[in-house]
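Trainee: Just dropping this structure here.
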Ligand code: DX5
Ligand code: ZN
């Protein structure tokens, strides 16, 4: 069953010198806060880590959805929990068999998700959907904001939607990369539940208006 559509702004596109204020601006209008952790190894970029997550948890009640673009996120599960993370998503490319990392994440009291990169076939993830609160389909290659949405990823959303529905599961399908009103609408039609948006929200002159436009695009009541 398709879940209510939710919006998760990605702080990667925010002004880090004003992070608290940026989050406060969007907080009343969104559902999760998407936090991109990069290690310069799993992806060719660096972003932020545990201290920033801990600071964020002190200033927001939004669930912190931590997208780990790192080689060994299992080493940081306790620290993520202590910092105030809510959900940790790890890449299937880092854990071809994610059974153990899923169990360890849950033991820490965290929600667990698996992420799929554009070149990775969806079949790599399908056998593990039932381990997940969330499956995250990357609609750009990870590492950088502001990239163009890759159309071919919509077919993966469709496959996951069928798999989740036929299994009677409640796993959320999250989509990340190049999301604005037009791409979000297409991803919603394909079956996505949670929409990560960095540039289209924090890069907008009026982030609140940008969120409203995104919300209209994915609103099922239209
Ligand atoms: C990319 C990150 C994304 C990124 C999305 O590696 O996982 O969350 O911030 O940025 P936009 O919305 O600008 O494509
Ligand atoms: Zn992300």
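The values are calculated or read from the model by the stated rules, or taken from the named source; none is laboratory data. Just so it is clear, the model here is predicted, and its values are computed rather than measured. When we count neighbours, we look across all protein chains shown, and the Cβ atoms used for this are built from the backbone with ideal geometry, even at glycine.
Trainee: Look at the range 69-80 and say how many of its residues are within 21 Å of residue 44 (Cβ to Cβ), in contact with a helix residue (DSSP H, G or I) (Cβ under 8 Å, 6 or more places away or on another chain) and within 16 Å of ligand 2 (Cβ to nearest atom). Lay out the reasoning, then the answer.
Mentor: Taking the range 69-80 as the starting set, the residues that turn out to be within 21 Å of residue 44 (Cβ to Cβ) are 69-73, 75-76.
Now drop any that are not in contact with a helix residue (DSSP H, G or I) (Cβ under 8 Å, 6 or more places away or on another chain), which leaves 70, 73, 76.
So of that shortlist, the ones also within 16 Å of ligand 2 (Cβ to nearest atom) come out as 70, 73.
Residues meeting the conditions: 2.
Trainee: Out of (1) under 18 Å from residue 33 (Cβ atoms); (2) within 12 Å of ligand 1 (Cβ to nearest atom); (3) within 14 Å of the chain's Cα centre (by Cα), what's the single condition that is false for residue 172?
Mentor: Only one criterion in (1) under 18 Å from residue 33 (Cβ atoms); (2) within 12 Å of ligand 1 (Cβ to nearest atom); (3) within 14 Å of the chain's Cα centre (by Cα) is unmet by residue 172, namely (2).
Trainee: Return a yes/no flag: does the range 170-188 have any residue that is modelled with pLDDT of 95 or more, within 14 Å of ligand 2 (Cβ to nearest atom), closer than 30 Å to residue 18 by Cβ and touching a helix residue (DSSP H, G or I) at 6+ places or on another chain (Cβ under 7 Å).
Mentor: Yes, because at least one residue in the range 170-188 is modelled with pLDDT of 95 or more, within 14 Å of ligand 2 (Cβ to nearest atom), closer than 30 Å to residue 18 by Cβ and touching a helix residue (DSSP H, G or I) at 6+ places or on another chain (Cβ under 7 Å).
Trainee: Working only within the range 168-199, note down all residues that are in a helix (DSSP H, G or I) and either under 14 Å from residue 216 (Cα atoms) or touching a strand residue (DSSP E or B) at 6+ places or on another chain (Cβ under 7 Å) (or both).
Mentor: Listed by number, the residues that qualify are 181, 182, 183, 184, 185, 186, 187, 188, 189.
Trainee: Are there any pairs with C-beta distances below 7 angstrom linking a residue in the range 176-188 that is closer than 26 Å to residue 90 by Cβ and in contact (Cβ under 8 Å) with a residue 24 or more places away in the chain to a residue that is away from ligand 2 (no atom under 11 Å from the Cβ) and part of a strand (DSSP E or B), with the two at least 6 apart or on different chains, and if so which?
Mentor: Note: pairs meeting the criteria are 179/195; 184/195; 187/195.
Trainee: Quick check: anything in the range 141-160 without any contact (Cβ under 8 Å) to a residue 40 or more places away in the chain, closer than 30 Å to residue 58 by Cα, in contact with a strand residue (DSSP E or B) (Cβ under 7 Å, 6 or more places away or on another chain) and within 16 Å of ligand 1 (Cβ to nearest atom)? Explain how you work it out, then say what you get.
Mentor: Taking the range 141-160 as the starting set, the residues that turn out to be without any contact (Cβ under 8 Å) to a residue 40 or more places away in the chain are 141, 147-155, 157-160.
In the following step, the residues that additionally are closer than 30 Å to residue 58 by Cα were identified as none.
No, every residue in the range 141-160 fails to be without any contact (Cβ under 8 Å) to a residue 40 or more places away in the chain, closer than 30 Å to residue 58 by Cα, in contact with a strand residue (DSSP E or B) (Cβ under 7 Å, 6 or more places away or on another chain) and within 16 Å of ligand 1 (Cβ to nearest atom).
Trainee: If you take the residues in the range 189-209 that are touching a helix residue (DSSP H, G or I) at 6+ places or on another chain (Cβ under 7 Å) and free of Cβ contacts under 8 Å to residues at least 24 places away in the same chain, which one is farthest from ligand 1 (Cβ to nearest atom)?
Mentor: Initially, the range 189-209 is screened for residues touching a helix residue (DSSP H, G or I) at 6+ places or on another chain (Cβ under 7 Å), giving 190-192, 195, 197-204, 207-208.
In the following step, the residues that additionally are free of Cβ contacts under 8 Å to residues at least 24 places away in the same chain were identified as 200, 204.
Working: 200: 6, 204: 11 Å.
Ranking the candidates gives 204 first.
Trainee: If we scan the range 118-131, do we find a residue that is outside any helix (DSSP H, G or I), touching a helix residue (DSSP H, G or I) at 6+ places or on another chain (Cβ under 7 Å) and surrounded by 18 or more Cβ atoms within 10 Å (Cβ to Cβ)? Walk me through it before giving the result.
Mentor: Within the range 118-131, the first condition is being outside any helix (DSSP H, G or I), and the residues that meet it are 118-121, 125.
Now narrow it down to the ones that are touching a helix residue (DSSP H, G or I) at 6+ places or on another chain (Cβ under 7 Å): 118.
Pick out the ones that are also surrounded by 18 or more Cβ atoms within 10 Å (Cβ to Cβ) and you get none.
There is no residue in the range 118-131 that is outside any helix (DSSP H, G or I), touching a helix residue (DSSP H, G or I) at 6+ places or on another chain (Cβ under 7 Å) and surrounded by 18 or more Cβ atoms within 10 Å (Cβ to Cβ).
Trainee: Scanning the range 149-167 for residues that are within 16 Å of ligand 2 (Cβ to nearest atom) and part of a loop (DSSP other than H, G, I, E, B), which turns out farthest from residue 126 (Cα to Cα)?
Mentor: 149
Trainee: Does residue 31 fit the bill of being touching a residue at least 12 places away in the same chain (Cβ under 8 Å), within 16 Å of ligand 2 (Cβ to nearest atom), surrounded by fewer than 19 Cβ atoms within 10 Å (Cβ to Cβ) and under 15 Å from the mean Cα position of the chain (by Cα)?
Mentor: Details: touching a residue at least 12 places away in the same chain (Cβ under 8 Å): yes; within 16 Å of ligand 2 (Cβ to nearest atom): yes; surrounded by fewer than 19 Cβ atoms within 10 Å (Cβ to Cβ): yes; under 15 Å from the mean Cα position of the chain (by Cα): yes.
It is true that residue 31 is touching a residue at least 12 places away in the same chain (Cβ under 8 Å), within 16 Å of ligand 2 (Cβ to nearest atom), surrounded by fewer than 19 Cβ atoms within 10 Å (Cβ to Cβ) and under 15 Å from the mean Cα position of the chain (by Cα).
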